[in-house]
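Below is one structure, written out as structure tokens, with a few remarks after it.
Every number in this text was worked out from the coordinates using simple rules, so none of it is lab data. Worth saying up front: this structure is predicted, and the values here are computed from it rather than measured. Here Cβ is always computed from backbone atoms with ideal geometry, including for glycine, and neighbour counts include all displayed protein chains.
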Ligand code: NDP
Ligand code: MG
């Protein structure tokens, strides 16, 4: 019999990362789900509850949580709700690792709560480190908590660093698929619809991160995420557009040796490695054939068409609240774009506007960050962008 070695709190279990995590749990008897959470998709959450029999689940929407309590009364599983409920699900006493796969800044509070309880973090929710990297990494150190990256690029960097802890890095080479509009001019994408922006060439992801890939905001968020995860200077991180998404990122050491992790564009490997580390478990369906791939290409990102990537570098260099302003502006702008209220190019215009006009604090507290998130989104919704 396989012994249970990892007890997992899974936040965002109904999303793209969440459902893939559950596929991995299905295939590895050593993983056990202790808690699950969704925002509103209670149909899928109920199916997950019946299959994985967690101890506690959270539905952020209170009304839907009540419906779920009624529908699953036969299971005897605690159903909590709201932001506090999400923290409860993250801190479920039997869980030893929390996989944070909620989208947006909503991941911040539960991640901090889990770190305070000494739980390791498998981090998909990059927004946590973007908005509060200084506080979160300091707290994790204090509490002896490990943060394992789930984001494929950061997992690749993490894997490329194994066995080299004492060696100096010259730079990190962070790869990007280039998103739905690679090779297009500003004029060509000015009227792009959400439908076309939602077509990533290689990755099948949630809506927000797919739009972020098309604007290169996702790569900007990942640059800031990498800075905190690997304690590197933002200007020692170089973004390379790599259309095939086979080289998931690279580390260049001071002797110019470059170590990379390669694999199929499939999130299940980085998710599984974040949970199985330092071991590697079997995995099927993700074999790669280099003869078939044939060519790997690398190009500079087009910052004229996709200026949000340079705004992310600016935000990361400035620090304080600026990365939060960058992130929150993007969250609201993507929401408006998906609702058809603004154009594709407005997303980066709005980010630039917020970074220019919302005031920064250089050493913010978590409360400052959460206030800044609300203020930034309000600034956008109140303006002509409605
Ligand atoms: P999805 O949109 O597919 O899923 C998001 C999950 O979070 C769902 O379970 C959703 O619930 C829940 N959720 C949505 N809004 C809230 C909220 N306000 N509070 C609490 N929970 C909420 O996202 P992804 O799985 O694509 O991405 C999740 C995170 O992982 C993001 O931070 C993303 O950047 C990161 N990531 C994703 C990758 C991918 O391949 N998808 C790759 C690398 C990183 P419901 O279903 O009920 O709405
Ligand atoms: Mg990524």
Look through the stretch 162-178, keep the residues that are touching a strand residue (DSSP E or B) at 6+ places or on another chain (Cβ under 6 Å) and not in a strand (DSSP E or B), and return whichever of them is nearest to ligand 2 (Cβ to nearest atom). 178
Being closer than 30 Å to residue 154 by Cα, buried (at least 20 other Cβ atoms within 10 Å of the Cβ) and touching a strand residue (DSSP E or B) at 6+ places or on another chain (Cβ under 9 Å) narrows it down to one of 59, 80, 103, so name that one. 59
For the structure I just gave you, tell me whether residue 251 is more than 15 Å from ligand 2 (Cβ to nearest atom), more than 16 Å from the chain's Cα centre (by Cα) and surrounded by 19 or more Cβ atoms within 10 Å (Cβ to Cβ). yes
Number of the exception - residue 254 against (1) in contact with a strand residue (DSSP E or B) (Cβ under 6 Å, 6 or more places away or on another chain); (2) closer than 26 Å to residue 322 by Cα; (3) more than 16 Å from ligand 1 (Cβ to nearest atom): (2)
Could you list all residues from the stretch 161-188 that are surrounded by fewer than 23 Cβ atoms within 10 Å (Cβ to Cβ), out of contact with any helix residue (DSSP H, G or I) (no Cβ under 7 Å at 6 or more places or on another chain) and closer than 24 Å to residue 209 by Cα? 173, 182, 183, 184, 185, 187, 188
For the stretch 91-137, give me the residue count where each residue is in a loop (DSSP other than H, G, I, E, B), within 15 Å of ligand 2 (Cβ to nearest atom) and more than 13 Å from residue 225 (Cβ to Cβ). 2
Members of the stretch 179-210 that are assigned to a helix (DSSP H, G or I) and either more than 16 Å from ligand 2 (Cβ to nearest atom) or touching a residue at least 60 places away in the same chain (Cβ under 8 Å) (or both): 186, 187, 188, 189, 194, 195, 196, 197, 207, 208, 209
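Conditions (1) assigned to a strand (DSSP E or B); (2) more than 16 Å from ligand 1 (Cβ to nearest atom); (3) more than 25 Å from residue 350 (Cα to Cα); (4) in contact with a strand residue (DSSP E or B) (Cβ under 7 Å, 6 or more places away or on another chain), marked per residue:
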{"residue": "212", "(1), (2), (3), (4)": "no, no, no, no"}
{"residue": "219", "(1), (2), (3), (4)": "no, no, no, yes"}
{"residue": "225", "(1), (2), (3), (4)": "no, no, no, no"}
{"residue": "232", "(1), (2), (3), (4)": "no, yes, yes, yes"}
{"residue": "239", "(1), (2), (3), (4)": "yes, no, no, yes"}
{"residue": "249", "(1), (2), (3), (4)": "yes, no, yes, yes"}
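Condition first: part of a helix (DSSP H, G or I) and farther than 25 Å from residue 220 by Cα. Can you find one or more residues in the stretch 263-272 that meet it?
Scanning the stretch 263-272 turns up no residue that is part of a helix (DSSP H, G or I) and farther than 25 Å from residue 220 by Cα.
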Quick check on the stretch 68-76. Is at least one of its residues in contact with a strand residue (DSSP E or B) (Cβ under 7 Å, 6 or more places away or on another chain) and either part of a helix (DSSP H, G or I) or surrounded by 24 or more Cβ atoms within 10 Å (Cβ to Cβ) (or both)? yes
Given the criterion touching a strand residue (DSSP E or B) at 6+ places or on another chain (Cβ under 8 Å) and under 21 Å from residue 268 (Cβ atoms), identify the matching residue among 9, 65, 90. 9
